[in-house]
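First the structure, which I've put down as structure tokens, then a few questions once you've had a look.
The values are calculated or read from the model by the stated rules, or taken from the named source; none is laboratory data. Quantities reported herein were computed from a predicted structural model and do not represent experimental measurements. Here Cβ is always computed from backbone atoms with ideal geometry, including for glycine, and neighbour counts include all displayed protein chains. When the accessible area is computed, the model is the full protein with side chains, heavy atoms only, and any ligands, DNA or RNA have been set aside. Shrake-Rupley method; radii C 1.70, N 1.55, O 1.52, S 1.80 Å.
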Amino acid sequence: MNARIRTFHLRTAATLLLLSAAPALSSASAATVRGVDDVSVTVTAPKRVVALNATTVELIYRLGKQGTIVGTDVTGTYPPNKIPSVGHWAQLPAEGIIALKPDLVIGTADNFATGTNPGVVAKLRGAGVKVLVLPATDTGGLNGVRTRLDLLGQVYGVPGAAAALNRSFDTTLAAVKANQPARKPRVIFLYAHGPNDASIYGTSGGANDLIELAGGVNAAPFADTRTLTAEALVTINPDAIILLDRGLEAVGGVDGTLKLPGVAQTNAGRNRRIYSVDNSVRWIGPRLPEFALKLARQWKADFKK
Amino acid sequence: MTVLSTQAAAPSRQRRRAALTLGVLPLALLGAVVLAVGSGAVAISPAQVLSILYSPLGLPPLEAFDTQQAAVLSGIRLPRVVLGALVGAGLAVAGAAMQGLFRNPLADPGLLGLSSGASLAAAASVVLGFTALGPYSLPVAAFTGSLLCTVLISVLAQSRGRVEVSTMLLAGIAVNALCGAGTGLMTFLATDEQLRTITFWSLGTLGGATWPGVLSAAPLILLGALLLPLLGRALNALTIGEHGAASLGVPVGAVKWVTITLIALSVGAGVAVSGTIGFVGLVVPHLLRLLTGPDHRTLLPASALAGATLLVLADLLARTVVTPAELPIGIITALIGAPFFLHLLRARRGQERP
């Protein structure tokens, strides 16, 4: 799998090299890009971008334009970087963002809809700052990522790089398809922060897309993030349990997970079918196919019949 | 009781200090406002601030500024500073009036269910998706919730047309618990995004300040900040008890209703636009009582001025200590207010020891 990822990176890098070797192709021509809120921004090769939401930062990195990012929110930590943070995504500071002198602010519809953020978008625009609202990151699965990628490709005038990344998604998806488990496991996504706290990620959002892509069935009986009693967990009796990497660590690894109320009494607990995935899955980003491939391979080995 | 114990102290010295305080506080507020308007994540020099402020007059600027600086100053920073001053004044004057009315140094507008009612209504509006009034949906819900809660507590505390202050306190505690449970239920039902909205609202912020928001809350807050000080003499009389006050010719029942109504309107409007900001209503009157003595005629206007100054400064900290990010202001007021309050407590206990 690592080798495969390396080939994507090589491919992306090759495309970028081609583009940069031919400056006439990627020359700075103004692009008008329409956000999901129907507000269009016209930009010419933005040089100072405040990129809000983890996936926006990741996608810009994948397009090779990380040098333009001058600010992000607390989630923009991958790939590891030293970009200044404007704070929590649910309470964005208008003046703090303006102080970074951005020529473009790029955020996502789900984040901008929270708390006082709609007012912040209006204030930014009132102060002459361009704001591009990308589609929400928690719906639409990989197609949502593709849409955001296309918009960012237009913003930066690098449609070729965006298309190459898009094709790399298809390559990984083909590998995911080739690695489906023989029997679809019924899965519960345990969103745990510690041994005494275990909510379940429901059937909406990134975790669900991951489960379905990897060949599983989400057994959560609700859509959003809720708590589930130990008895309900036993009744559902999932074949597999997924945690976030940090969740698995917080509960004390696979052994710790088995000690959580109800887990040991499920098929997943009895067969030690406990898996962990990257902490960022709640926002659907460009690594979704890679995450799915890793999980699909594990499930293919574990659920043969 | 506390009020009475300090009243015996040399009155003439206290009157001088009161006059001095009332003279200095407006200057302090002005200083705080100037400082707050001139500081922030975006650099705008004092000369530019002045130039932007008088630019509608068409005079040549002292120092050139760009349109973005003007937009930040007039569209983001000014409404925020004005809202901070208003909310701070409203909270502090309401706190002082509550402590006078209840003759209890621990009284706080929260006892009238203003914060808990607002929290419940705000959480419910977020979770149940009340968006009929656009950006005003949450503030209007919060304001309505705080008023309903206060009305409920007042009605419960009423017997034969009189408000029983001690019953009111107990009813307040019970209704607050009920609202807490309701808010808990809403939190349970909330999605992750809704939960964030509720959490950050309850930490308090002036970051959502817009001119329409400020202008809609201003009349209600000013009503309290300007009219409550007029009740100073009546609240002074109440310190000797309701019967005593009545025998001095104070219309006790009317004073109670007017005070409660003014507090509810000004604090309710403040909470609606800025979330719950703790400790200002409790600490500011105590601090001023040490400076000016217990006379409500000084205490009430002084509290309004000091509360405004304090919140403007607290918000300045909130938006400058971690730039380009900002802290919720409720964290700052409690972080500074609580240790300071403890210090006051310890210091006063030291004085009272024979």
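So which pairs qualify, if the first residue must be in the stretch B:61-85 and facing chain A (nearest Cβ under 7 Å), the second must be open to solvent by 50 Å² or more (accessible area, probe 1.4 Å) and among the small types (Gly, Ala, Ser), the Cβ gap must be under 6 Å, and the two must be at least 6 apart or on different chains?
That search, which allows pairs on different chains as well, returns B:Gln68/A:Gly128; B:Ala71/A:Gly126; B:Gly75/A:Gly126.
Now a separate question. From the list B:Ala142, B:Ala122, exactly one residue is within 14 Å of another protein chain (Cβ to nearest Cβ), touching a Leu at 6+ places or on another chain (Cβ under 7 Å), modelled with pLDDT under 95 and under 15 Å from B:Gly275 (Cβ atoms). Which is it?
Just a single option satisfies the conditions, and that option is B:Ala122.
If you don't mind, another one. Would you be able to tell me the number of residues in the stretch A:175-213 that are over 22 Å from the mean Cα position of the chain (by Cα) and either closer than 18 Å to B:Leu195 by Cβ or buried (at least 20 other Cβ atoms within 10 Å of the Cβ) (or both)?
Summing the residues that are over 22 Å from the mean Cα position of the chain (by Cα) and either closer than 18 Å to B:Leu195 by Cβ or buried (at least 20 other Cβ atoms within 10 Å of the Cβ) (or both) in the stretch A:175-213 gives 4.
In the stretch B:119-165, what count of residues is obtained for those that are surrounded by fewer than 20 Cβ atoms within 10 Å (Cβ to Cβ) and among the aromatic types (Phe, Trp, Tyr)?
2
So, restricting to helices (runs of 4 or more DSSP H) that lie completely within the stretch B:149-242, which ones have at least 2 residues that are within 14 Å of chain A (Cβ to nearest Cβ) and closer than 30 Å to A:Phe112 by Cα?
Counting at least 2 such residues, we get B:165-189, B:192-203, B:211-227.
Looking at the structure I just gave you, is B:Ala304 at pLDDT below 95 and of a type in the set (A, V, I, L, M, F, W, C)?
Spelling it out, it is not the case that B:Ala304 is at pLDDT below 95 and of a type in the set (A, V, I, L, M, F, W, C).
If we keep just the residues of the stretch A:91-141 that are β-branched (Val, Ile, Thr) and more than 10 Å from chain B (Cβ to nearest Cβ), which is nearest to B:Pro139 (Cα to Cα)?
A:Val121
Go through the residues of the stretch A:280-288 one by one and say whether even a single one is part of a helix (DSSP H, G or I), of a type in the set (A, V, I, L, M, F, W, C) and touching a residue at least 60 places away in the same chain (Cβ under 8 Å).
yes
Can you pull out every residue in the stretch A:70-85 that is hydroxyl-bearing (Ser, Thr, Tyr) and either open to solvent by less than 20 Å² (accessible area, probe 1.4 Å) or without any contact (Cβ under 8 Å) to a residue 12 or more places away in the chain (or both)?
Within the stretch A:70-85, just A:Thr72 meets the criteria.
Might you check whether a residue that is buried (at least 16 other Cβ atoms within 10 Å of the Cβ) and within 14 Å of another protein chain (Cβ to nearest Cβ) occurs anywhere in the stretch B:276-290?
Scanning the stretch B:276-290, I find no residue that is buried (at least 16 other Cβ atoms within 10 Å of the Cβ) and within 14 Å of another protein chain (Cβ to nearest Cβ), so the answer is no.
So, one more: What's the number of the condition A:Gly269 fails, among (1) under 30 Å from B:Thr187 (Cβ atoms); (2) within 18 Å of the chain's Cα centre (by Cα)?
(2)
Here's something else I'd like to know. Scan (1) farther than 25 Å from B:Leu195 by Cα; (2) touching a helix residue (DSSP H, G or I) at 6+ places or on another chain (Cβ under 6 Å) for the single condition A:Gly141 breaks and write down its number.
Among (1) farther than 25 Å from B:Leu195 by Cα; (2) touching a helix residue (DSSP H, G or I) at 6+ places or on another chain (Cβ under 6 Å), the lone unmet condition for A:Gly141 is (1).
Scan the stretch B:176-201 for residues that are surrounded by fewer than 19 Cβ atoms within 10 Å (Cβ to Cβ) and modelled with pLDDT of 85 or more and jot them down.
Within the stretch B:176-201, B:Ala177, B:Leu178, B:Gly180, B:Ala181, B:Gly182, B:Gly184, B:Leu185, B:Thr187, B:Phe188, B:Leu189, B:Thr199 qualify.
Can you spot a residue in the stretch A:51-61 that is open to solvent by 20 Å² or more (accessible area, probe 1.4 Å) and part of a loop (DSSP other than H, G, I, E, B)?
Scanning the stretch A:51-61 turns up no residue that is open to solvent by 20 Å² or more (accessible area, probe 1.4 Å) and part of a loop (DSSP other than H, G, I, E, B).
Are any residues in the stretch A:214-235 hydrophobic (A, V, I, L, M, F, W, C), open to solvent by less than 40 Å² (accessible area, probe 1.4 Å) and under 23 Å from B:Gln194 (Cα atoms), and if so, which ones?
A:Ala220, A:Phe222, A:Leu228
Yes or no: B:Leu91 within 19 Å of the chain's Cα centre (by Cα), within 13 Å of chain A (Cβ to nearest Cβ) and either modelled with pLDDT of 95 or more or crowded, with 24+ Cβ neighbours inside 10 Å (or both)?
So B:Leu91 does not fit the description; no.
For the stretch A:118-134, which residues satisfy the criterion of being in contact with a strand residue (DSSP E or B) (Cβ under 8 Å, 6 or more places away or on another chain) and open to solvent by less than 30 Å² (accessible area, probe 1.4 Å)?
Within the stretch A:118-134, A:Val121, A:Leu124, A:Val129, A:Val131, A:Leu132, A:Val133, A:Leu134 qualify.
When the residues of the stretch A:240-266 are narrowed to those that are open to solvent by less than 50 Å² (accessible area, probe 1.4 Å) and of a type in the set (S, T, N, Q), which ends up nearest to A:Gly215 (Cα to Cα)?
Per the criteria, the residue is A:Thr266.
The conditions are (1) farther than 18 Å from A:Val129 by Cβ; (2) within 11 Å of chain B (Cβ to nearest Cβ); (3) among the hydrophobic types (A, V, I, L, M, F, W, C), and A:Leu63 fails exactly one of them. Which is it?
(2)
Turning to a different aspect of this structure: Report, by residue number, each residue of the stretch B:135-148 that is touching a residue at least 40 places away in the same chain (Cβ under 8 Å) and over 30 Å from A:Phe112 (Cβ atoms).
B:Leu147
When the stretch B:317-333 is examined, which residues are found to be under 10 Å from A:Glu95 (Cα atoms) and in a loop (DSSP other than H, G, I, E, B)?
B:Thr323, B:Pro324, B:Ala325, B:Glu326
Then there is this: If only one of B:Gly330, B:Gly307, B:Gly275 is on the phi > 0 side of the Ramachandran plot and within 17 Å of the chain's Cα centre (by Cα), which one is it?
When all the criteria are applied, what remains is B:Gly275.
Can you tell me which residues in the stretch B:37-88 are touching a Gly at 6+ places or on another chain (Cβ under 8 Å), hydroxyl-bearing (Ser, Thr, Tyr) and open to solvent by less than 10 Å² (accessible area, probe 1.4 Å)?
Answer for the stretch B:37-88, where residues must be touching a Gly at 6+ places or on another chain (Cβ under 8 Å), hydroxyl-bearing (Ser, Thr, Tyr) and open to solvent by less than 10 Å² (accessible area, probe 1.4 Å): there is none.
Answer with yes or no whether B:Gln48 is in contact with a Phe, Trp or Tyr (Cβ under 6 Å, 6 or more places away or on another chain), modelled with pLDDT of 90 or more and either farther than 20 Å from B:Val81 by Cα or not aliphatic (A, V, I, L, M) (or both).
Here the answer is yes, as B:Gln48 does meet what is asked.
I would also like to ask the following. Only one of (1) modelled with pLDDT of 90 or more; (2) within 14 Å of another protein chain (Cβ to nearest Cβ); (3) within 29 Å of B:Val140 (Cβ to Cβ) is not met by B:Glu326, so which one is it?
(1)
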